[in-house]
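The structure under discussion appears below in the form of structure tokens.
The values are calculated or read from the model by the stated rules, or taken from the named source; none is laboratory data. A quick note: this is a predicted structure, and the numbers were derived from the prediction, not measured. Neighbour counts run over all protein chains shown; Cβ positions are idealised from the backbone, glycine included.
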Amino acid sequence: METALVRLGLDAASALEAPADFAVAGWFIHAPTPGELGPAIIAGHVDSKRGPAVFFRLHRLVPGDEIRVERADGRTAVFRVVAVERHAKEAFPTAAVYGDTDHAALRLITCGGAFDRASDHYRENLIVFARLEGIR
């Protein structure tokens, strides 16, 4: 998948805001830039009422897959997937996703699991954990 990145902040509830456009992902501006020390956070929608969204195929990533993020400085941060996890929304692993790391890391976040029609939301989050291999 390939996408432009928009800037994401916090919503009124102090949670990571979701991109307004279902076709693009967003970088969380209060986290490190991809390739810098710590966990860079990129979030995107899995789908919309009109069909698949930018992270529809995110669940296909497996450990060992490569992820490239083009940076604003013109270089590309190359990451390697180390884990793909699903967590119930009420048990989101905040420390594992946002906590300090001793290396440059990447977290890709989308919704997953069963869709709850009553709340109009998915019950889980799918999180891809990746580690920087290098910047080119």
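Just a few scattered comments:
- Condition broken by Arg71, with the remaining ones in (1) closer than 24 Å to Ala15 by Cβ; (2) out of contact with any Phe, Trp or Tyr (no Cβ under 7 Å at 6 or more places or on another chain); (3) basic (Lys, Arg) satisfied: (1)
- Among the conditions (1) under 15 Å from Asn125 (Cα atoms); (2) in contact with a Ser or Thr (Cβ under 6 Å, 6 or more places away or on another chain); (3) surrounded by fewer than 17 Cβ atoms within 10 Å (Cβ to Cβ); (4) not polar (S, T, N, Q), Leu58 misses just one, which is (3).
- Across region 4-35, the number of residues qualifying as in contact (Cβ under 8 Å) with a residue 24 or more places away in the chain, in a loop (DSSP other than H, G, I, E, B) and surrounded by 15 or more Cβ atoms within 10 Å (Cβ to Cβ) comes to 9.
- Residue list for region 50-87, restricted to those being in contact (Cβ under 8 Å) with a residue 12 or more places away in the chain and on the phi > 0 side of the Ramachandran plot: Gly64
- Taking the numbered list (1) of a type in the set (Gly, Ala, Ser); (2) part of a strand (DSSP E or B); (3) exposed (fewer than 14 other Cβ atoms within 10 Å of the Cβ) in turn, Ala95 passes all entries but (2).
- Cβ-Cβ under 6 Å pairs, at least 6 apart or on other chains, region 108-136 side under 20 Å from Glu17 (Cβ atoms) and surrounded by 15 or more Cβ atoms within 10 Å (Cβ to Cβ), far side acidic (Asp, Glu) and modelled with pLDDT of 95 or more: Ile127/Glu85
- If you filter region 60-92 down to residues that are of a type in the set (Lys, Arg) and outside any helix (DSSP H, G or I), you find that the one that is farthest from Ile29 (Cα to Cα) is Arg86.
- Among the candidates Asp47, Asp73, residue that is surrounded by 14 or more Cβ atoms within 10 Å (Cβ to Cβ), at pLDDT below 95 and not hydrophobic (A, V, I, L, M, F, W, C): Asp47
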